Amino acid sequence: MLGAVPDRYGYSGGEIGHDIYFSMARGNATQPAMEMTKWFDTNYHFIVPELSPSMKFSYGSRKAVSEYKEAKAIGIDTVPVLIGPVSYLLLSKPAKGVEKSFTTLSLLGQILPIYKEVIAELKEAGASWIQFDEPTLVLDLSSHQLEAFSYAYSELESSLSSLNAVIQTYFADVPAEAYKTVTALSSISGFGFDLVRGSQTLELIKSYFPAGKYLFAGVVDGRNIWANDIASSLCTLQALEAIVGRDKLVVSTSCSLLHTAVDLANESQLDDEIKSWLAFAAQKIVEVNTLARALAGQKDEQYFAANAAALASRRASPRVIDEEVRKAVAGLKGSDHRRAMSVGARLEEQQKKLSLPVLPTTTIGSFPQTVELRRIRREYKANKISEEEYERALKEEMQKVVSLQEELDIDVLVHGEPERNDMVEYFGEQLSGFALLVNGWVQSYGSRCVKPPIIFGDVGRPRPMTVSWSTAAQGMTARPMKGMLTGPVTLLNWSFVRDDQPRSETCYQIALAIKKEVEDLEAAGIQVIQIDEAALREGLPLRKSDQPSYLAWAVHAFRITNCAVKDSTQIHTHMCYSNFNEIIPSIMEMDADVVTIENSRSDEKLLAAFGGGGAVKYGGGIGPGVYDVHSPRVPEAAEIVGRIGKMAGLLDWRLLWVNPDCGLKTRRYSEVRPALANMVAAAKLLRVDL
Ligand code: GLN
Ligand code: ZN
């Protein structure tokens, strides 16, 4: 909309076409894509705008207006939603090479004229409300950043006259200072707050709300799949009504419905009892309407009664409780769960068995999920082929993956994860306390979606989940084969989690389940076990004050999974897609023997911190990804040599591992084979010099 296209994509004004749009998001033959990062603490991603003082903004896309008109033409009057100007800039980053003193916020004056144009066109088209999303208001902002809101919305004042504008915040409490700033904006008619995650915001509203303004009360959780407690929501709304007035209270969801599943009606595999506990997007809209009607004096008694009965059945259900699991979690209290030896000493023990060369090579776990593999899984799930046939096909696939790795001369092998549809769903299918969805897709980025499982009860591990696959794969090679697990924090953060106990409690339950699996793998002779924690960073609370306690229990849960293995068993962990800098001390606290991380889009500061530039020097092995797996591009060996060389300058080369950024699941063999060959060649070239 703002025409903020970096120079390298060759945009020369006018409406931005799909070619440029896709180049920015995915890269093209000559130019890499822009950075993609997670939207706050969700698993949704956005493309980070790259701005510089010389950026020429222009009205580049009329999408907001044309979509408003399109809906209107079929008789639906919508509220157009724009990302607010201040959040837009605060979520942008300075382009490479611009002066350190430059802040993206300094461009505010340059983007406001375009917002004015868009507002004028929307008004012209007949819009009576416009929503500005300003979710950055829930972060820890400086007073200078807060002033930008006052400036921006007073600049927009005349454009917004004869129109209602609402500023929407979500995902957390709005701090008191920010609340004061935003509710003082005279050009704005309504303010929207997340009253599910923002429990303290309610107190702020009770202590003050500007007269004559609308309150958009987000009482229905947009981030989860649980049915709302509508009697309790009605109470909250009635209290708010007394403050803001009946005609100024708008019932709303806590945030957009992008982060939840679409419609419960599509879940043919869930039993009726569990279904009665749930509400997906379509059901949440009914909840919102039912609440609004109840406030207006038309209470649907039947609906309220059914809702109360469903909540009571969930509270009392024996399916939710596993006494043994509860006892085990209670038994964890007060203990720190650490391995006995220091990581340095452990690595020595492990090396006696593994005899790895310097710069050992490995991959992150998955190999390409081919069309053929997906077909076999589909047929197996549809009962078209037998369990034996399915197993045989997967083992053949594993054999291919193992042979390929041997041929490429990789040091620590993986089985390729052909049996897994998804790294979370696969474990959700086998752990108790989880329910699986068949159509509950949630967008992650682009056309990529995930189907988060639901954790409705205490989590246990009835039987081994990966041992037979891992031992079969180990049986195919004399080289070490990594056992491959998803860690407790990632299983938690990538599921829809029960809301009737603290997340930490659920995480500890999962940790104990994974611990059993780790120990069974070890007992079956697996010497290297990787426990992926791809989503640890994503769960980091948005406000600094909430972060230490999350990190403490998350890291503790990870340590629980492997605290009891032998010193000679090597524990790896892997993390991806994240901005780690602020959590490096916590990564070290996880005390894994080797950590592999995404690196191709991160900076050198990160590595410097691991190498001792930060507060603590990390003594474990570290494998910063040497090439980007999210692009089809095959890196040359020389390029990889350069990268490893740089890393060896920042880190202790004796601790360095050589691996791609992440799993290879989404790539083709025609890309994977040459890329890995070049990676191994690069490691070998460097070994000669070391
Ligand atoms: N082991 C997983 C894989 O390779 C890790 C995926 C991830 O980090 N997202 O697919
Ligand atoms: Zn990864």
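Say the dipole of the chain comes from +1 at the beta carbon of Lys and Arg and -1 at that of Asp and Glu; which of 181, 631, 290 then lies farthest toward its positive end?
Most positive-ward Cα: 631.
Taking θ as phi - 60°, what are the ³J(HN,Hα) couplings along region 464-470 by the Karplus curve (6.51, -1.76, 1.60), each to the nearest whole Hz, with x for Gly and Pro?
Each residue's phi maps through the Karplus curve to give x, 10, 10, 4, 5, 5, 5 Hz.
Using Stokes-Einstein with the Kirkwood hydrodynamic radius over Cα pairs, what translational diffusion coefficient do you get for region 93-218 at 4 °C and a viscosity of 1.567 mPa s, in µm²/s rounded to a whole number?
Details: Rh = 15.6 Å.
In µm²/s, the coefficient rounds to 83.
For region 238-349, what is one quarter of the convex hull surface built on the Cα atoms, given in nm²? Mind showing how you got there, number by number?
Numbers: hull surface 55.9 nm².
The orientation-averaged projected area of the Cα hull of region 238-349 comes to 14.0 nm².
So what does the Cα-only Debye profile of region 326-668 read at q = 0.08, 0.11 Å⁻¹, as log10 I(q)/I(0), no solvent term?
-0.36, -0.71
Just want the answer: with Cβ charges of +1 for Lys and Arg and -1 for Asp and Glu, which residue in 355, 444, 341 is farthest toward the dipole's positive end in region 326-668?
In region 326-668, that residue is 444.
Give the separation of the Cα centroids, region 307-342 to region 637-690, in Å.
Value for the Cα centre distance between the two parts: 43 Å.
Can you give the extra length, in nm with one decimal, that the chain gains between residue 70 and residue 275 once fully stretched, where that is 0.36 nm per residue apart less the Cα-Cα distance? Intermediate results must be reported in sequence, preceding the final value.
Values: separation 205, 0.36 × 205 = 73.80 nm, distance 3.49 nm.
Taking 0.36 nm per residue and subtracting the Cα distance, the gain is 70.3 nm.
Can you tell me, using C-alpha contacts under 8 Å and at least 6 residues apart, the relative contact order of region 32-112 as a whole percent? Could you put the intermediate results ahead of the total?
Numbers: 71 pairs, mean separation 24.4, N = 81.
The normalised contact order for region 32-112 reaches 30 percent.
Using a basic spin-label model with each label point 7 Å from the Cα along Cα→Cβ, how many nm lie between residue 19 and residue 48?
2.9 nm
Given R₀ = 35 Å, what would the calculated FRET efficiency be for residue 12 paired with residue 241, taking r from the Cβ atoms and rounding to 0.05? Provide the component values of the computation, followed by the final result.
Details: r = 53 Å, r/R0 = 1.52.
After rounding, the FRET efficiency stands at 0.10.
Roughly how many debye, to the nearest 20, is the charge dipole of the chain about its Cα centre, given +1 on each Lys and Arg Cβ, -1 on each Asp and Glu Cβ, and no other charges?
On the way: 73 positive and 85 negative charges, 92 e Å.
So the dipole magnitude of the chain works out to roughly 440 debye.
Can you give the net charge of the other residues whose Cβ lies under 11 Å from the Cβ of residue 653, counting K and R as +1 and D and E as -1?
Details: positive: 654, 687; negative: 652, 689.
My count for the surroundings of residue 653 gives 0.
Please list, in chain and number order, the residues 5+ apart from residue 193 or on another chain whose amide H is under 5 Å from its amide H, with Hs placed from the backbone.
Those qualifying (amide H under 5 Å, at least 5 residues apart or on another chain) are 169, 216, 218.
Between residue 319 and residue 677, what is the label-point separation in nm under the 7 Å Cα-to-beta-carbon projection?
Those two pseudo-labels are separated by 5.3 nm.
Where does the chain land at 222 nm, in deg cm²/dmol rounded to the nearest 500, when only DSSP H runs of n ≥ 4 count, each adding -39500 (n - 2.57), divided by all residues? It would help to have the intermediate numbers written out before the result.
Working: 24 runs with 277 residues, N = 690.
Computed ellipticity for the chain at 222 nm equals -12500 deg cm²/dmol.
Taking θ as phi - 60°, what are the ³J(HN,Hα) couplings along region 130-135 by the Karplus curve (6.51, -1.76, 1.60), each to the nearest whole Hz, with x for Gly and Pro?
3J(HN,Hα) across region 130-135, in whole Hz: 10, 9, 9, 7, 10, x.
Sequence neighbours fewer than 8 away in the same chain don't count; with that in mind, list the aspartates and glutamates whose C-alpha is under 13 Å from residue 395.
The qualifying aspartates and glutamates are 387, 417, 419.
Can you work out the Karplus-derived ³J(HN,Hα) for every residue in region 627-644? Use 6.51 cos²θ - 1.76 cosθ + 1.60 with θ = phi - 60°, whole Hz, and x for glycine or proline.
Per-residue couplings from phi come out as 8, 7, 8, 8, 10, x, 4, 9, x, 6, 4, 4, 5, 5, 4, x, 5, 5 Hz.
Name the residues whose placed amide hydrogens come within less than 5 Å of the amide hydrogen of residue 528, ignoring near sequence neighbours (fewer than 5 apart) on the same chain.
Long-range HN contacts for residue 528: 481, 483, 570.
What residues of region 343-366 lie in the reach of a label at residue 406, counting those whose backbone N is under 19 Å from a point 7 Å from the Cα along Cα→Cβ?
What the label zone holds, given the 19 Å backbone N cut-off, is 354-357, 361-363.
Taking the Cα centre as origin and putting +1 on Lys and Arg beta-carbons and -1 on Asp and Glu beta-carbons, what dipole magnitude results for region 326-668, to the nearest 20 debye? Before the final figure, lay out the partial values.
Numbers: 43 positive and 45 negative charges, 83 e Å.
Dipole size: approximately 400 debye.
How large, in Å, is the chain by the Kirkwood hydrodynamic radius built from its alpha-carbon pairs? Could the numbers behind the result be given before it?
On the way: mean 1/r = 0.0366 Å⁻¹.
About 27.3 Å for the chain.
Over region 415-474, calculate the relative contact order: mean separation of alpha carbon pairs under 8 Å at least 6 apart, over the residue count, as a percent. If you can, show how the numbers build up before the last one.
Details: 69 pairs, mean separation 20.9, N = 60.
In percent, rounded to a whole number, it is 35.
What nm distance separates the two modelled labels at residue 552 and residue 335, each placed 7 Å from Cα along Cα→Cβ?
Between residue 552 and residue 335, the label points sit 2.0 nm apart.
If the chain between residue 636 and residue 266 were fully stretched, how many nm would it gain, using 0.36 nm times the residue separation less the Cα-Cα distance?
Taking 0.36 nm per residue and subtracting the Cα distance, the gain is 128.5 nm.
Could you compute the net charge surrounding residue 466? Neighbours are other residues with a C-beta less than 13 Å from the C-beta of residue 466; K and R count +1, D and E count -1. Provide the component values of the computation, followed by the final result.
On the way: positive: 420, 461, 463, 482, 516; negative: 417, 419, 429, 517, 519, 520, 522, 532.
Spelling it out: positives minus negatives among the neighbours equals -3.
For an R0 of 60 angstrom, estimate the FRET efficiency from the Cβ-Cβ distance between residue 101 and residue 309 and round to the nearest 0.05.
Numbers: r = 61 Å, r/R0 = 1.02.
Computed FRET efficiency for residue 101 and residue 309 comes out at 0.45.
What FRET efficiency comes out for residue 56 versus residue 689 if R0 is 41 angstrom and r is the Cβ-Cβ distance? Round to the nearest 0.05.
On the way: r = 47 Å, r/R0 = 1.15.
My answer for the efficiency is 0.30.
With the dipole of the chain worked out from charges on the C-beta (+1 for Lys and Arg, -1 for Asp and Glu) around the Cα centre, which of 148, 128, 514 lies farthest toward the positive end?
Among 148, 128, 514, the one farthest towards the positive end of the dipole of the chain is 514.
Under 8 Å for C-alpha pairs, at least 6 residues apart: give me the relative contact order for the chain, rounded to a whole percent.
On the way: 1221 pairs, mean separation 71.7, N = 690.
Normalised by residue count, the contact order of the chain is 10 percent.
Need the list of lysines near residue 353 for cross-linking: C-alpha distance under 16 angstrom, and skip anything on the same chain fewer than eight residues off.
Leaving aside lysines fewer than 8 places away in the same chain, those within reach of residue 353 are 482, 566.
According to the Kirkwood expression over distinct Cα-Cα pairs, how big is the hydrodynamic radius of region 137-176, in Å? Can you show the working numbers first?
Working: mean 1/r = 0.0856 Å⁻¹.
The Cα-based Kirkwood calculation yields 11.7 Å.
Computed from the coordinates by the stated procedures, all read-outs in this text should not be read as laboratory data. This one's a predicted model, so the numbers in the text were calculated from it and none came from an experiment. No Cβ is skipped: glycine too gets one built from the backbone with ideal geometry, and neighbour counts run over all protein chains shown.
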